[in-house]
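**Q** For reference, the structure I am asking about is given below.
The values are calculated or read from the model by the stated rules, or taken from the named source; none is laboratory data. These figures come from a predicted structure and were not determined experimentally. When we count neighbours, we look across all protein chains shown, and the Cβ atoms used for this are built from the backbone with ideal geometry, even at glycine.
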């Protein structure tokens, strides 16, 4: 089967080389066979996948348009609700949670002919940079099984990298799509804040949460985002802005495009990562781009700003897990208050507890101004840096992570060290601008490295055009 | 250390989180070192800067509004389907009022 791209699947289906049901069965079998090696999937929804595939086959048999994602095998991060299919968020708290409705993105993917194979592993409530915080065990990087796939959308990145799903959905709050995409050698996209509805995304930090796609090519990522994007009355933060035709924006000229390289980012990048980013910048120059150094001075304060804001919002969002309406409830007896405390103490993992504690502290009386309010002001400065930069450049290019995939266990003991690994991805998240990771080579050990491209709000089409030109020049 | 054990216990109380003694000990250390790092923000000049609570972009003022139209609710049965202790159409919790 030539099922290695969305267009390839469409051609194969229309030429009757294979059916969507055959492709779904084959993809499910491959995913189940691979899973003991990587732990990328937490659950397979075979019945739902085959029903979706049969709908596509019926449409094709009837001569109807089967949709832009016809027959495409999709994996969905387990923080995105799927009606009737367990959604755990990688947490014991939601180990048995069966959502009563679908997330808007899930509805849109299936309406476009996509076939959801299963739910992917992730850090508990999307909190982590290595996928080691899942209550259901870490995910192993398909490229190097002793290493992390990145996080928090580690399972979604691994599912695409191991070629069991053609595309997948992840969520990104501070880099949780771009960093695993970079570590696993696939394309990962964080769209503009508000570009994609978050109805049905389990909330972590509401002013920072995004849903975005993983794919093997920029073209496929663009096609999936086009299906997902657009206003949703069920998410009041989703934007009214019309959705451009991202795919036809590809193949365009990038000659003369002005690109900025932030000097603050390059000074942290080490060894082979820095060399590969340098080589990528040379490639972009050869494509005719006008590359210059720019400065984003507030970058140095981004980690602190991000971890104050995201933990504050998390402490509030996760207050809902109290053992009353859904999820785990402690068996220990006691008062109502004891029930809340025991439920949360027994249910949440270490990192989630740490973030709830930190967020509660920075919002508490006497510390609110010094931490939370101060961080909101610095966030405005970080955003201002980008606004200023985009007055003189079309896009910013930078590393995704200071280093390639690290070893499982290497950073998990030191939370601050883990937080610092998000240094290049959180700035874009704080500003709410579209950003993506596109593969730009591998280290001498064969570990993938991603190039990050950042554009101004709603300029995804331009970002894809540059990424696509870069991708074609490196293949 | 930046945080005392007493402060950590107080924050855990605010967060409705039951932590073991060992967890409290770790939190004193971890939160302390993270907060020390975060204290660097005090050095940033934010005089006259408005706090940013949402991502700002050019958009219609009404972008966040939708028509107030009735929609079918989830319904009692579905709303209770995931409850750890449902009963008689309600969520059951430990008794809060002594007779």
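**Q** Quick check on this structure: which one of A:149, A:100 is in contact with a helix residue (DSSP H, G or I) (Cβ under 6 Å, 6 or more places away or on another chain) and closer than 30 Å to residue A:413 by Cα?
**A** After applying the criteria, what remains is A:149.
**Q** What do you reckon, is residue A:296 at pLDDT below 95, buried (at least 20 other Cβ atoms within 10 Å of the Cβ), farther than 30 Å from residue A:94 by Cα and away from chain B (no Cβ under 11 Å)?
**A** no
**Q** Next question. So is residue A:315 within 8 Å of another protein chain (Cβ to nearest Cβ), touching a residue at least 40 places away in the same chain (Cβ under 8 Å) and in a helix (DSSP H, G or I) or not?
**A** When the stated conditions are applied, residue A:315 passes them.
**Q** On to the next question. Filtering region A:333-350 down to residues that are within 8 Å of another protein chain (Cβ to nearest Cβ) and not in a helix (DSSP H, G or I), which residue is modelled with the lowest pLDDT?
**A** So the residue we want is A:333.
**Q** Among the residues of region A:175-233 satisfying the criterion of being closer than 25 Å to residue A:372 by Cβ and part of a strand (DSSP E or B), which is nearest to the other protein chains (Cβ to nearest Cβ)?
**A** Of everything passing the filter in region A:175-233, A:210 is nearest to the other protein chains (Cβ to nearest Cβ).
**Q** Moving to a separate point now. In the set A:303, A:308, A:281, which member is more than 14 Å from chain B (Cβ to nearest Cβ) and either part of a helix (DSSP H, G or I) or surrounded by fewer than 23 Cβ atoms within 10 Å (Cβ to Cβ) (or both)?
**A** A:281
**Q** Out of A:388, A:411, report the one residue that is in contact with a helix residue (DSSP H, G or I) (Cβ under 7 Å, 6 or more places away or on another chain) and over 27 Å from residue A:222 (Cβ atoms).
**A** Testing whether each residue is in contact with a helix residue (DSSP H, G or I) (Cβ under 7 Å, 6 or more places away or on another chain) and over 27 Å from residue A:222 (Cβ atoms) leaves just A:411.
**Q** Here is a check on your reading of the model: is residue A:298 in contact with a strand residue (DSSP E or B) (Cβ under 9 Å, 6 or more places away or on another chain), in a helix (DSSP H, G or I) and in contact (Cβ under 8 Å) with a residue 60 or more places away in the chain? So that I can check it myself, show each step before the final result.
**A** Numbers: in contact with a strand residue (DSSP E or B) (Cβ under 9 Å, 6 or more places away or on another chain): no; in a helix (DSSP H, G or I): yes; in contact (Cβ under 8 Å) with a residue 60 or more places away in the chain: yes.
In short, no.
**Q** Does residue A:126 satisfy the criteria of being on the phi > 0 side of the Ramachandran plot, surrounded by 23 or more Cβ atoms within 10 Å (Cβ to Cβ) and touching a residue at least 60 places away in the same chain (Cβ under 8 Å)?
**A** Judged against the criteria, residue A:126 is a match.
**Q** Which members of region B:15-25 meet the condition of being within 8 Å of chain A (Cβ to nearest Cβ) and part of a helix (DSSP H, G or I)?
**A** B:23
**Q** If we keep just the residues of region A:227-255 that are within 15 Å of residue A:467 (Cα to Cα) and at pLDDT 95 or above, which is surrounded by the fewest Cβ atoms within 10 Å (Cβ to Cβ)? Lay out the reasoning, then the answer.
**A** Step one: filter region A:227-255 for residues within 15 Å of residue A:467 (Cα to Cα), giving A:246-255.
Add one more test, that the residue is at pLDDT 95 or above, and what stays is A:246-247, A:254-255.
Working: A:246: 24, A:247: 21, A:254: 20, A:255: 10.
Residue satisfying both the conditions and the ranking: A:255.
**Q** Let me ask something additional. Within region A:351-381, how many residues turn out to be within 12 Å of residue B:46 (Cβ to Cβ) and either crowded, with 23+ Cβ neighbours inside 10 Å or at the interface with chain B (Cβ under 8 Å from one of its Cβ atoms) (or both)?
**A** Residues in region A:351-381 being within 12 Å of residue B:46 (Cβ to Cβ) and either crowded, with 23+ Cβ neighbours inside 10 Å or at the interface with chain B (Cβ under 8 Å from one of its Cβ atoms) (or both): 10 in total.
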